Structures are given as C-alpha cells and as structure tokens.
1. Please verify whether B:Ile183 is modelled with pLDDT under 95, in contact with a Gly (Cβ under 7 Å, 6 or more places away or on another chain) and either farther than 27 Å from A:Ser6 by Cα or of a type outside the set (Val, Ile, Thr) (or both), treating the condition exactly as stated.
2. Only one of (1) of a type in the set (S, T, N, Q); (2) within 24 Å of B:Ile149 (Cα to Cα); (3) surrounded by 18 or more Cβ atoms within 10 Å (Cβ to Cβ) fails for B:Gln230. Which number is that?
3. Is it true that A:Ala303 is closer than 24 Å to B:Ser282 by Cα, of a type outside the set (S, T, N, Q) and open to solvent by less than 20 Å² (accessible area, probe 1.4 Å)?
4. Please list, ordered by first then second residue, the pairs with beta carbon atoms under 6 Å, 6 or more apart or interchain, first in the stretch B:39-56 and in contact (Cβ under 8 Å) with a residue 24 or more places away in the chain, second away from DNA strand D (no atom under 12 Å from the Cβ) and open to solvent by less than 60 Å² (accessible area, probe 1.4 Å).
5. Identify, from the list A:Asp250, A:Asp277, the residue that is within 18 Å of the chain's Cα centre (by Cα) and at positive phi.
6. Given the criteria out of contact with any Lys or Arg (no Cβ under 8 Å at 6 or more places or on another chain), more than 14 Å from chain B (Cβ to nearest Cβ) and among the β-branched types (Val, Ile, Thr), does A:Thr196 qualify?
7. Failed condition for B:Gly104, given (1) out of contact with any helix residue (DSSP H, G or I) (no Cβ under 9 Å at 6 or more places or on another chain); (2) away from DNA strand D (no atom under 16 Å from the Cβ); (3) part of a helix (DSSP H, G or I), with all others met?
8. Going by the conditions given, is A:Lys60 basic (Lys, Arg), in contact with a Gly (Cβ under 8 Å, 6 or more places away or on another chain) and open to solvent by 70 Å² or more (accessible area, probe 1.4 Å)?
Protein chains: 2
Amino acid sequence: MAKSDSVTIADVAKRAGVAKSTVSRIINDVPGVKPVTRSKVLQAIEELGFRPNMLARSLKTNMKQQIALAIDDIRNPYYPELAWAVEQVAKEHGFRLVLINHYGNPSEELSIMGKVNEMHIDGIIMSTISFPAALKKYINHSTVPVSLIGNLGDDVNADMVYLSKPEGTLAMEHLIRIGCTNIAYAGGPKEVHQGTRYAAYEAALSANFLKLDPGNVYIGSDFSLQTGIQAADYISGLPELPGGVYAANDMIAIGLIQRLLEKGIRVPEDIAVVGVDDISWSTITRPRVSTVSNLTAETGRIAAELLIQRIKEGQTTPLRKVQLEPRLIVRESTVKVMES
Amino acid sequence: MAKSDSVTIADVAKRAGVAKSTVSRIINDVPGVKPVTRSKVLQAIEELGFRPNMLARSLKTNMKQQIALAIDDIRNPYYPELAWAVEQVAKEHGFRLVLINHYGNPSEELSIMGKVNEMHIDGIIMSTISFPAALKKYINHSTVPVSLIGNLGDDVNADMVYLSKPEGTLAMEHLIRIGCTNIAYAGGPKEVHQGTRYAAYEAALSANFLKLDPGNVYIGSDFSLQTGIQAADYISGLPELPGGVYAANDMIAIGLIQRLLEKGIRVPEDIAVVGVDDISWSTITRPRVSTVSNLTAETGRIAAELLIQRIKEGQTTPLRKVQLEPRLIVRESTVKVMES
DNA sequence: ATGAAAGCGCTAACAG
DNA sequence: CTGTTAGCGCTTTCAT
C-alpha cells in the first residue's frame, strides 16, 4: 500500500516555510499572494518535484475533468471519427475521454449507466442503438449529466444531438428522383440503428406510392462489406433486376458494388447504388459512392459541447436539443457523369 | 459546489446502527461479518440507494481502475482495432480505458507522459511514432507503469510488445521471391512508423544486392488513400515501369491499385503491389491486396495484459518484452491466381 | 465480530 | 496577505 515517494502539499509547505493553504493558493493561481512568497513556494515545488494529486483535488472539488463516451464498437468505422471529435472538444476544455464499447448489447448499456458514478467521470455521452425503456429510467436517475446521440424522446433528462430526418430518406428520395421505381434494400438487422435505416425505406416507398416487394429486401447479419457482397448475390439473382439499391451504410454499398461489377452488372447504368455514412473510402472506390453524410464529426463535437456546458452550469438550465441536417452527396454510383 | 444528494458510508452506518468500518467491510466483501449484521447493512444500503464514492476509495487505496492508451490518431484504421483489444482486456480486469490522441506530435507525446499522474490512471500504454530522447527520460521517471508498443531499446523502463522484424521486410522478400527486381516504394514521410516502413525497403534491397534507385521512391505527405493515388500517378510516369511496388500500408496500396487499374496498368500482371497492415478492406478490393499482418489485436491484448500485470505486481519483477511474428498474406495483388 | 480514530492529499471558509 | 481548522468519503490499524 506504501504511498511510494509522492511529495505532498504539506512537504512543499514545510520546505517553503508557509502553510498548506498558501501552497494551494499558488498551484491554483489564486490572486493575492505576495510575489516573494510565491517564488519561495515555486522553488520548493521545483526542488521537491511536487505534482498535485488530482485524486485528492477531485474528492474535494467533485470535478474529475473526465467524460465518457459509450458507443457500439470502435471498430465500426462511424465511431473513430465520432470519438475523435469528442476527444478534441474534451481536450480543449481540459477533459479526458473514457471510451466504452457496449456492442449494442442492451444489458451492457444499462450496466454502463448503472456505473456512471463509480467511473471517475463528470458526464457521459451515450450513442445507443437499442433503447430499452429501462435505460430511460437509468438516465433520468443519473447523478451525472448525460448527452445523447439520437432522439430518444422528450421525457428523457438529457441533452441530445440528432438528425432532423433519417439519412435513408434522403437516399431514397434521390433514387426516386433519378427515376428508379423498383428499389431494393440491403442492410443488416432491421432493429439496429434504432430501425431508422430500414424504416426510411418503407416510409419513402409509401410516401411515393411505390409498392414494397419483400423480395427486394435483403437483410444480412451485420453492416459489413461481407453483407454487401451477399446482398449483391441475392439482388442479382432476382427475377427482375431493381433499378436502384439503397444500402444501409457505405460499407455494404461498397461490397455490393464491387460484387455487382464482378458479375458484369454495371453501376450506375444497370443499377444505381446509394449508401449512408460518407466514410472516406466512398470517395476512392470506382465508381465513387453516392451517399448521405450524417455529419459524424459535427455530431461528436456538439454532443461534447452540450455535455461540458451542462457539466459547468448544472441541471438548472433547460435541456437542449440540436438537430443536424443530413446531406446528400451525389457521386458516380447513382449518376453517370461526363468526365471520369 | 453543493455535494448534491450523495449518500455516504456514514449515512448507511447510522441507519443500520453500526460503525462506518462495518459498512466498509461489507461493501468490500471482507470475511468475518455476522450474517445478521450484514443483511441489516445491506438493507440500509438498498433503502438509501447508497453507491460508494470511488474517488474517495481511490484516494485511499491509490488504485483508480483506469488505464490510458495514447495513440497517434483513432481515425487511422490501425488504431480502432488496437483500442478495441485493449479495452477488452481492461474490462476483463475491471479497468476502464482513457483514450488519448497525440497525432504523432512529439511535444504532445511528452506532454502526455508529463501528465500521467494527474490523469487518474494506474498505467499507460504508449504507441509512439516519433521517439524523442526526452520521452525516454519521462518514461523512466514515470510514477505509473508504462507499456510500450514498439521496441524502444533496453534502457527504457517499460514493458514492450513489438514485431520480431519490420513488416516491410516480409513484404519486400515476397516481391523479390516472385521475381521482381525493380521495386518501387510508396509511403508517407520516412520518419513515421519509427522509420521502419521505409528502412525495410532499403534494407531488403541491399540484402538482395539490388540497387536503390531514388527515382523509384515516392514519399507522400501521409499514409492515406490519396497518397496511394498520387503514388500511382508518379510511378506510372516512370521511364521504366517497376515490376513491383511495396506500399507502406494497405490504404496506400489500395489507392495505388485503383489508380493503376484506371490507367490500364494491370495488377498483378504488369505491377505487383503489396501493402502492410491487413485491414479488412484489403480482402474486398479487386484484386484483393497482398499484405503483411502486424497482429494488431494481439498487440493490443498483450500490451494491456503486460500493463495490468505490472500494475498488480509493481516494478519489482523484471521488464518483459514480447515479440510477435508479422505474417505475410498473399492475395491477388501480387500473384495471378486460377479462379477469381 | 465490531467500533473508534487516524489519516489519504487536497480545498475552503474563517480568522488574524 | 497568510495561517488555522475542518472536512471530502473512504480504508485500515488497533482496541474491545
């Protein structure tokens, strides 16, 4: 248990011949300390190699200068950018970032919220996929501020950032606008992404008086390239080749496109393909992938800013909800362009 | 400053009619507490909704149950998997993960090591790119254990995980084995990746009595797809087309291959291309990319285990160094295969 | 088997 | 301008 070498504020005080509180004042830049005293103490700090014990400070001030980010899986390409944006903002405000993967597992998500006050954090950003009712309770009872990515309703005690409409809506509208009537869907399990990815498919069809053919829907096991490849095999075997495919994310779109091309099916001439996420890979495949940007970095930045602001001002001010507009990005996978 | 509602061990003790120490014993599973007392206390805990303040506990025990991982940039595709592996192991041992990006910035790296004891962590894993001498001093003076990714020498007080040889060596040997004599290099700045990516190029050439033609070396500004594309433009314009290209990572290799194909240069027939990293994308491009796996997840896992073991046993036991064997993975970008 | 008391290293009134 | 005095909430001897 031996507290190693650690030199404390008391050691410094003794060495400098002052009281602990004076040392405290100096390391906290409290004004009104005689310059000569200050330099005496500074010197003692230097000589002793004193470093304040933040743990003790935190115990006293109740500020840990740390926030958590709970996400599905950092290996999913959406999250590194989100995490990066969050860490940037955190760092600017002198906060560190604790990263937690919950793998979309509802019980994990609950367990995280149940442990927030054992976590040395001042607040938490949750990017939840499934959203069990129990989670809402946990959030509402949480002692630390919560910032949510996604719109989880008005009865949740948390600031939120979310898109003004599902990305998929833009993707579908685009396909319809360029003349597709027979549109296929390629995605992972329907429930994931709070179901909005798939729901947008159904909604857009019905909003445009197009009929939903269950045969046009390919549901894979995840949101990977592999799923895209399998979707291509499925879709290319359909009795009637769809004019367009709405892929639930760019990874799927890319796998899908590659496989279609291998099979001699031209994109976009035979099939137009649009994805969602605007990951960087989408700009370098051939054809480059039309997609919908969900403003990942912007989302992370705002979520972090909302949280830190909330940490600073407490639960007094009203909850904030920030809506972001998803943005359609048209590239060659949906429209033939002049120059390659 | 108001310490909100927080119910403490003292509240529980009063409610249960026992001493604080008894409550402490119970929440720490210290044996030798009469069952009836135990249940009385447990009930009080339940009724009051008591949750131990880990900060206070940490101050006393000096264990924060938290480790840090300092990396270049989480957006670089190597790191999410590393971070994931580290977090897995951390979680298994009841530790949380603090993620820090240093952007390969030497002064940032130093600043991180300078702040380790203000960070509420029990140890830190550093994946450093540049390795200034000053960093060595910081590490050797660090009060918390350090686990290093990469071999930084014998005079550094840290456990280490690293590859037994540069990945590039395997990549180059492969190209040479399949008959390339005129081999180009495509990479980012030479110093990055501790210089091993490029150094392997020079070393392999001279080990095989091949002459180094500076005109065959393309140095881009980073390790992105874009650099690969630019490298392709450069290499395809060379007076004599090289028989093979060693790309410093798979991103570059992929950008390079796509661009070569666009220009009507066949891969691997005209040029064989090998990358490094074995990122998942390399399995779905056409042709799929031959590469060298650097065992990312394994590296993360071991780094985390070394660190946590060190945290538990202290600086008494000798330093550990774990070597991993990089593995060549041959795909279609270097050899023509029978079935596509 | 349990209680009393002394801190962990720091901050924050309150005096002087 | 600086010192004294209480704690923050918990663990941990040492008694009983």
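The values are calculated or read from the model by the stated rules, or taken from the named source; none is laboratory data. Being a predicted model, the structure only gives us computed values, none of them experimental. Heads up, the Cβs are rebuilt from the backbone with ideal geometry, glycines too, and the neighbour counts pull from every protein chain shown. Ligands, DNA and RNA are stripped out before the accessible areas are found, and what is left, the full protein with its side chains, is counted by its heavy atoms. Shrake-Rupley method; radii C 1.70, N 1.55, O 1.52, S 1.80 Å.
1. Spelling it out, it is not the case that B:Ile183 is modelled with pLDDT under 95, in contact with a Gly (Cβ under 7 Å, 6 or more places away or on another chain) and either farther than 27 Å from A:Ser6 by Cα or of a type outside the set (Val, Ile, Thr) (or both).
2. So B:Gln230 meets the others, but not (2).
3. No, not satisfied.
4. B:Lys40/B:Ala16; B:Val41/B:Ala16; B:Ala44/B:Ala16
5. A:Asp277
6. In short, yes.
7. Going through the list (1) out of contact with any helix residue (DSSP H, G or I) (no Cβ under 9 Å at 6 or more places or on another chain); (2) away from DNA strand D (no atom under 16 Å from the Cβ); (3) part of a helix (DSSP H, G or I), B:Gly104 breaks only (3).
8. no
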